[in-house]
Structures are given as C-alpha cells and as structure tokens.
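Everything on this sheet refers to the single structure shown next.
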Amino acid sequence: MGERRRTARRDRALYVEIFIDAPLERVWELTQTPEHHVRWDGRFTAIRPTRVRDDGAQEFAYELDLGVHTIRGVGVSHGERHGRAGERTSALVFDTADRLSPLGVGRGYWRYVPTDDGVRFFTGYDYAPGWGSLGRLLDPLVTRRFVWWLTAWSFDRLRLWAEQGIPPECTGFWRSLVPGRRPRAHARRCLSRPVASRRTIMQQAPETLRELHV
C-alpha cells in the first residue's frame, strides 16, 4: 500500500475515468467521430482529419477557440477495436507551435472496457507545459488541475449524451450557471486515479502509443 501511494504521488500524468451505462458501440461512435467529439469535449472546438497513414493512424488538425485567440495544433490518433475481452483503445499524440498554448507536446490514450452494465471509459495523458519557465511553475498549481477538471466535466457531458440522449449543447458551461432544473455535467462523477493498480497511468497505455509520432 505504501509503495502504491508513493507511485501515485510521483505520477503527474492525468487520469480520468467514468462509467457510462450505454452500449460500447455508441460510446465508440461519439468519441471516434470528429463531428461528435468536438460537441462534448471542451478541449477542442474543431478537429479536422487531414491524412490516413499506411498503418491506419489518422492525422488531424485541431483548434481551441478562446474568443480572443484560437490555439491551433496537430495530432495523430490510432484506434484499435479488437482488444482482449472486447476492450477497445485509442492512442493519441499532439503538438502545437502556438506560444500562447498552456500545453505543448503531449501523448495519451483512451480505453473502453465493456462490463455487464455498460462501459468503463478512461483516459491517461501527459504533456510538456507551454509558456516556458512560467508555464512550468504554474502547471502543477493551476494548469494541470484545470485541464483535469475540463476533461472530467467533458466526460460527464459525454455520459449524459450516450446514456440519456441529452445533446452536449444542453450541458454547456454557461447553461449550467442558469438557475432551474436542468441536466448538468459534473467533473466530480469521475475518478482521478486508477483503482487498485500498481502500474503508473502511462504504463496502462496501449502498445500503439509507443509507435505514434506527430
């Protein structure tokens, strides 16, 4: 137990897990289709596929519109539909030359684990902070915490869409501030650490991640 706690303290990679009571195929569709992905994931406002590599990996360009500035970058993803016990995975690497981006080069994965009741959907990813020395200072204090919250909040928007058919546009951030009874996404519904795992977060990545490069 002590070793596990020490590993968790050293592991700065982000981990977000949520349970989705929906068919695996539905979760795969909403996460692997770029037009659907950008609707629930607050980390992107546009994802444009650009080229499919010989091994099936998908190159893409992405944007995050902040109103006063649009962060642009590129990435490569590779999905695998035929894992053990019906599991599926998706590996990702990304990078940006935008000096205003708080995130630099990074890599991560999604895992889809089917259960009798639905799907365990979780991600692990890490990145190099942007903004030079200031970014390295702010990352553990502010940036990394906010990026975790944004990812978790987005995952719950996905869950509401997959389970209840509630469009992500109905669970946006500003809508959640309006008083009244309405569906709301909550980051607290997600786990921030793997349960009972001796491996680090990035050690749980699929083999396809090792082969990906921007």
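Is it fair to say VAL113 is in contact (Cβ under 8 Å) with a residue 60 or more places away in the chain and either of a type in the set (A, V, I, L, M, F, W, C) or buried (at least 17 other Cβ atoms within 10 Å of the Cβ) (or both)? First the steps, then the outcome.
Working: in contact (Cβ under 8 Å) with a residue 60 or more places away in the chain: no; either of a type in the set (A, V, I, L, M, F, W, C) or buried (at least 17 other Cβ atoms within 10 Å of the Cβ) (or both): yes.
Answer is no for this residue.
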Do you know which of the residues in the stretch 29-72 that are more than 18 Å from the chain's Cα centre (by Cα) and under 22 Å from TRP153 (Cα atoms) is surrounded by the most Cβ atoms within 10 Å (Cβ to Cβ)? THR70
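Residue-by-condition table, conditions (1) open to solvent by less than 90 Å² (accessible area, probe 1.4 Å); (2) of a type in the set (A, V, I, L, M, F, W, C); (3) touching a helix residue (DSSP H, G or I) at 6+ places or on another chain (Cβ under 8 Å); (4) under 22 Å from HIS37 (Cβ atoms):
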site: LEU134; (1), (2), (3), (4): no, yes, no, no
site: VAL142; (1), (2), (3), (4): yes, yes, no, no
site: SER154; (1), (2), (3), (4): yes, no, yes, yes
site: TRP161; (1), (2), (3), (4): yes, yes, yes, yes
site: TRP174; (1), (2), (3), (4): no, yes, no, yes
site: ARG182; (1), (2), (3), (4): yes, no, yes, no
site: ARG198; (1), (2), (3), (4): no, no, yes, no
site: THR208; (1), (2), (3), (4): yes, no, no, yes
Over the stretch 116-132, the set of residues open to solvent by less than 20 Å² (accessible area, probe 1.4 Å) and in contact with a Phe, Trp or Tyr (Cβ under 9 Å, 6 or more places away or on another chain) is GLY118, VAL119, PHE121, PHE122, THR123, GLY124, TYR125, TYR127
Report yes if some residue within the stretch 128-136 is assigned to a helix (DSSP H, G or I) and within 20 Å of the chain's Cα centre (by Cα); otherwise report no. no
If I filter the stretch 81-98 down to residues being on the phi < 0 side of the Ramachandran plot and at pLDDT below 95, which single residue comes out as surrounded by the fewest Cβ atoms within 10 Å (Cβ to Cβ)? ARG84
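The values are calculated or read from the model by the stated rules, or taken from the named source; none is laboratory data. Only a predicted model underlies this, so the values are computations on that prediction, with no experimental measurement involved. Because the Cβ atoms are built from the backbone with ideal geometry, glycine has one as well, and the counts that use them run over all protein chains shown. All accessible areas refer to the heavy atoms of the entire protein, side chains included, with ligands and DNA or RNA removed. Shrake-Rupley method; radii C 1.70, N 1.55, O 1.52, S 1.80 Å.
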